[in-house]
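The values are calculated or read from the model by the stated rules, or taken from the named source; none is laboratory data. Because the structure is a prediction, the values reported are computed rather than measured. No Cβ is skipped: glycine too gets one built from the backbone with ideal geometry, and neighbour counts run over all protein chains shown.
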Amino acid sequence: MYKNIIRKSVGEQIFLCLNNAVLFMLGFATLLPFYIVIVNSVSPPEDFLFKEIIIWPSKLDLQYYKVVLGKGSTIYNAYKITAFLATAGTFISLAITTITAYVLAQRKLPFRSLLTLFMVFTMYFSGGMIPAYLVVRYLNLIDTVWAMIIPGMIGTYNMLLMRNFIMGIPGEIIEAATIDGCSELCMIIKIILPISTASMATIGLFYAVQYWNTFSGGVLYINSAKLRPLQVYLHHILNQATLQNDFKELGELMQQGRYKPPSEAVQAATIMSATLPIIFVYPFVQKYFVKGITVGSLKG
Amino acid sequence: MNKSLGNQIYKYRIYFLMILPVILWYIIFSYIPMSGILLAFKDYSVYKGFSESPWVGLKWFRFIVNSPDFFRAFRNTVVISFYMLVFTFPAPIILAIMLNECQRRYFKRIVQTISYLPHFLSWAVISGLMISLLSPSVGFVNQIIKLFGGEAIYFMAEVSYIRALYVISALWKGIGWGSIIYLAKITTIDPQLYESAIIDGAGKFKQIWHITLPSMSSLITMMLVFSSAGLCQVGFEQAYNLIISPTYDKGMVIDYYVYRMGVQQMKYSFGTAVGLANSVISIILLATANTVAKRINDEGAIW
Amino acid sequence: MKTRARFQKTKNTAVFLLAIVMCISLFVGCGDSKTGDVKEGSTHLGTVKPEAATTSEMQEEATIRWYFKMSKNPQVTEDDFVIKKIKEDLNINFVHMAPKTDDFNETLNLLLAAGDIPDVITISSSTGLTSRLSADGVIIPIEQYLSDEYIPNVIRITPQWDAVIKYMKHPDEHIYGVPVTRKHPHDVSMYIRHDWLKNLNLSVPTNLEELRNVLEKFTKNDPDGNNKNDTVGTMIDGLWAPTFYQKIMACDKDEWYLSEDGTVTNGSVLPRHKDFLKYMKSLIDTGGLDKETLTTNYNALTEKVNSGKVGFVFTWSGYNQRLDIQKVVPESDWGPMPAVKGAFDIGVLPGNAPLSSEHVITKDCKNVDAVLRLMNYMADDKSTEDKYDFTGSYWYMTYGKKGLNWDVVDGKFVTGDNNPEMYKQNNEIDKWVYYFNRFANMFDNAIDDALEPEPKKFKEEFYSSPLISTDISDENPLKFINIGGIVLPEEVTNFRSAQGPKWEELYGKAILGKGDIDKMWDEYIKVLENDGLQQIEDTMTKLCREYGRIK
């Protein structure tokens, strides 16, 4: 509020101007590759032949999206599975991660270092693919949707980030709540959660993206086509499309005497189909980046 | 002593209860499979199974260390990961601060959303784009160079540029996504601190230096500790997609080298041995960094 | 403030409830696929027990789990046309176990470790996998089944069956695999823009120097007459394509040759490999070869060719179908040309190994009869009497003689490798062929014959040419040694692994002029010697003598 009243100094104005300029250039530079992908996904095949890099498509051509998305209902199944993973998986992971982080945030917890090391160690040491597969198999999780959630449920790195945030909560708030007679559960739900919107949103986003991008779990633990997550499904499509042999849509296109779709284009359409949905999630996350909850505001 | 420890445990009993299932999860899904690491010391035949495969001790480790280009790959890995640390570690922090200072709301949101887009592109796609961009005949960069009267450079084949390309491409890909966590941390800063600072007459830089950065210090320390663990690692995917044969001298890194040497050929034990070596080095670096961090900023240390 | 916290809490509860509802609903929905039934023909990789034999007078029902990697389709499902036909005609439930990743071996390891062992595995013959599996007791010897009693069709369509079988014998005198041979081993061709040759008044090059000259003119002299500097002589993608040039010059880095002093050595170690490097560099220096070859990928290359801007490529039958240039540039005349003369003044058309893979049967297979039945069925009786002179050559080398191996018909060059159009989709039989081909990819010999009812006459002459390599390789004019079927010891495969990146570096630096080729090659040899080149040569020489490949 004060900022609007006090006039900015010249130095500040220059700073802000430079700031914005750099941000603009950065935005442009990072948008460029994505722009190229988007344009590739809607350019007709002729453009790929006669231009080196396509700046603007000669006409809008949606055939590649038909190729990628058009195989009847099967892709919607993949979207469904992945949506489930991204919601249920995120929810489960977030809940358990928060609880774990809360426990490890207690500075006076006995064996705190040991417990933390116990978990951090697993980030660097792993037995490899075969033992992991055998464990999942032994638990009868093969070919279930849970095989893509449970083995990766807790991201130790995310948990430590959350722990850092919880440790950053001002001590007065905790004390006040304890004095008011708050139990642990009450502490988590009434105090920690409302304050941690930023970190919950961030870690939630990390998990959501991780689940959305499920690939190795989907390949290793899933055999039935009905349970394939999106990335695995699209990977198959891409393989088929680039080899251009038995893909029904492509076959029809070939028969019509049209050009075989350039693989770059099909790849671009695949990328867009996979990443667009998750990109739209972010604006919702941004809402939770609310600037600073003051100590005062919690006294209620 | 015992009595007091017992008391502590009792006092914190509910916490232990809460964390018990988590510990169980780690045991089942991380520690039990870890026994597979022992395969690094065997010559694993899948059919013979674990117990029947013969022990070979340090055979795989000797094999890789004695191979012709190992030390060159090792040197490159260390140098490149060091450059990565120096350049790609501070960048997301700086971006987060810059975004935070931005006054125009919609501009800020748009830039923020755009900046993390490359995170979603795979290294294969990014390398394809780089090839187009840096091509000596048709690439944008070389067109500019020619405009200024220079000669086109085949960047991707020049050994002197490869390390820069590693860093620049990693920066491009990771700066946006990496800034998200720092932005989240910045929003937890009490605005009253800024208000008092302004009243005291502090300018922008002073505000950043005395308020923003210190509030992030424990997070920065923790992230730095984690990054240190990666000091002897350069991602396989990035290397595989980026380097071509004339640049092997400065661009070949351990993960890719090891892949060519044996992982390709069903040498499961070999792959496990390499993974084990990587893990040991990483954990040593991590522990060292953690100890240093404890001295400087206790909150930032991991354990 | 209270309201905000309470609002937050209600939101949380709502999300919580929603999540629970979703979990329950999807758990219910997904429950079926887990408590799985091992449906017939399903691709479930669990423990599939073969059905018990019925007492019908028809064939017994059986289930076969076949592990193979198909490049053309990652996974064959039970809806597949061929699977259904197999069930219909043979009463066999075919289960395709596909590699989960791009790595054939990775998934196989997994299956073996978990005890989900397939019944049959199709293995590419160039790996030592068969010997490893037989040593571990995973697969069973099958020489007793390789007779007319069990698989007459397979025997009939495999050219020179006896010679092939000889190469499939392991040192322990057993045979573990049913051979899969390629129909067109000699299906690599050089294709060139004949209209450009005409426009520039050039004749078809007959040796490497002429080729280089032609390529340079293709780049510099505007062969398509559009006044733009946008054409290029040739392009190469990746590090495998130079192989063709290496074969012509008899110094392939992946193959073994008889050197001057009578030892068997690797192609890259021969002094003439330096000539190869210098030749490739000269192609770039004169502009005939696109300089950015190291960063060119397959798709970019195809597109450039199809846009009519490239004058010459090496291609093979699968690639040909992508050369749709006629549609884009109708005036182009893109056709094959005869082999150019290379090393020893001999023209070479490199080819693929006739023996491409083998089917091995595992210990856990409970129904070997069904497997043999299936193989026989796939090798249907549409084959003809094509004769191939297999005589032990891993690669075919031939001299291009006009009238014998190539000819000029109606003013056009034709060779024996005009590849049949494989993907006509107009009627039922072609669809069957199409599906069959892409699924089987194994016994397509018979199917090709269905498309070409008359055997090509010239092929007999072609393959009976006196200059075809024979068993005794020091009579091979290119000094090439066939090592197909030899089980290579571990130190050789390790050596070759280490050699790979080192050669790539040599090649990459050499063609871009980043050093003196003679010096770099000497250094390369020194590194190989440090890595044990001498012992490897001795080992290989001994092995080749043992297996009768050299005298």
Among the residues listed as B:SER160, B:SER179, the single one being buried (at least 20 other Cβ atoms within 10 Å of the Cβ) and either under 24 Å from B:ASP249 (Cβ atoms) or more than 9 Å from every other protein chain (Cβ to nearest Cβ) (or both): B:SER179
Could we say that C:MET190 is modelled with pLDDT of 85 or more and crowded, with 16+ Cβ neighbours inside 10 Å here? no
Select from segment A:118-138 the residues that are more than 8 Å from chain B (Cβ to nearest Cβ) and without any contact (Cβ under 8 Å) to a residue 24 or more places away in the chain and list them in ascending order. A:ARG137, A:TYR138
Please count how many residues of segment A:120-129 are closer than 29 Å to A:SER224 by Cβ and assigned to a loop (DSSP other than H, G, I, E, B). 3
From the list C:ASN213, C:ASN201, C:ASN221, exactly one residue is at pLDDT 90 or above and closer than 30 Å to C:TYR524 by Cβ. Which is it? C:ASN213
How many residues does segment C:217-238 contain that are assigned to a loop (DSSP other than H, G, I, E, B) and in contact (Cβ under 8 Å) with a residue 40 or more places away in the chain? 8
Going by the conditions given, is B:LYS173 within 11 Å of chain A (Cβ to nearest Cβ) and of a type in the set (D, E, K, R)? yes
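Any residue at all in segment B:214-226 that is over 30 Å from B:PHE70 (Cβ atoms), surrounded by fewer than 18 Cβ atoms within 10 Å (Cβ to Cβ) and without any contact (Cβ under 8 Å) to a residue 12 or more places away in the chain?
yes
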Would you call C:SER268 at pLDDT 80 or above, farther than 17 Å from C:TRP240 by Cβ and outside any strand (DSSP E or B)? no
Kindly check whether there is at least one residue in segment A:142-164 that is in a loop (DSSP other than H, G, I, E, B) and facing chain B (nearest Cβ under 8 Å). yes
Of everything in segment C:511-549, what is touching a strand residue (DSSP E or B) at 6+ places or on another chain (Cβ under 8 Å) and either surrounded by fewer than 18 Cβ atoms within 10 Å (Cβ to Cβ) or acidic (Asp, Glu) (or both)? Give them in sequence order. C:GLU537
Failed condition for C:TYR245, given (1) in a helix (DSSP H, G or I); (2) farther than 19 Å from C:PHE312 by Cα: (2)
State which residue is nearest to B:PRO33 (Cα to Cα) when the search covers only segment A:104-117 and only residues that are surrounded by fewer than 18 Cβ atoms within 10 Å (Cβ to Cβ) and more than 7 Å from every other protein chain (Cβ to nearest Cβ). A:LEU114
Segment A:51-86, subset of a type in the set (Gly, Ala, Ser) and modelled with pLDDT of 80 or more, residue farthest from A:ASP143 (Cα to Cα): A:SER58
Considering segment A:202-231, residues that are over 17 Å from A:THR270 (Cα atoms) and among the hydroxyl-bearing types (Ser, Thr, Tyr), and then whichever is modelled with the lowest pLDDT, we arrive at A:SER224
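Yes or no, residue by residue, for (1) touching a residue at least 12 places away in the same chain (Cβ under 8 Å); (2) aromatic (Phe, Trp, Tyr):
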residue	(1), (2)
B:THR77	yes, no
B:PHE82	yes, yes
B:CYS102	no, no
B:ARG109	no, no
B:TYR116	yes, yes
B:SER132	no, no
Across (1) without any contact (Cβ under 8 Å) to a residue 12 or more places away in the chain; (2) under 30 Å from B:ARG13 (Cβ atoms), A:ARG163 clears everything bar (1)
Within the set of pairs 6 or more residues apart or between chains, which connect a residue that is under 19 Å from B:SER218 (Cα atoms) inside segment A:168-181 to a residue that is assigned to a helix (DSSP H, G or I) with Cβ atoms less than 6 Å apart? A:ILE169/A:ILE195
Based on what the data block shows, is B:ALA229 away from chain C (no Cβ under 14 Å), without any contact (Cβ under 8 Å) to a residue 12 or more places away in the chain and buried (at least 18 other Cβ atoms within 10 Å of the Cβ)? no
Is one or more of the residues making up segment B:271-291 over 30 Å from A:LYS108 (Cβ atoms) and facing chain C (nearest Cβ under 10 Å)? yes
Run A:LEU109 past the list (1) in contact with a Phe, Trp or Tyr (Cβ under 6 Å, 6 or more places away or on another chain); (2) outside any helix (DSSP H, G or I); (3) in contact (Cβ under 8 Å) with a residue 40 or more places away in the chain and report the number of the one that doesn't hold. (3)
Among (1) within 14 Å of chain C (Cβ to nearest Cβ); (2) in a loop (DSSP other than H, G, I, E, B), the one test that A:ALA83 misses: (2)
Any idea which of (1) closer than 30 Å to A:THR197 by Cβ; (2) in a helix (DSSP H, G or I) is the one A:ALA132 doesn't satisfy? (1)
Entirely in segment B:1-116, the helices (runs of 4 or more DSSP H) that have 1 or more residues that are at pLDDT below 90 and within 19 Å of B:GLY271 (Cα to Cα): B:49-52, B:59-66, B:70-88
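Residue by residue, here is whether (1) away from chain C (no Cβ under 14 Å); (2) surrounded by 12 or more Cβ atoms within 10 Å (Cβ to Cβ) holds:
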| position | (1), (2) |
| --- | --- |
| A:SER9 | yes, no |
| A:GLU12 | yes, yes |
| A:PHE24 | yes, yes |
| A:LEU32 | yes, yes |
| A:GLU46 | no, yes |
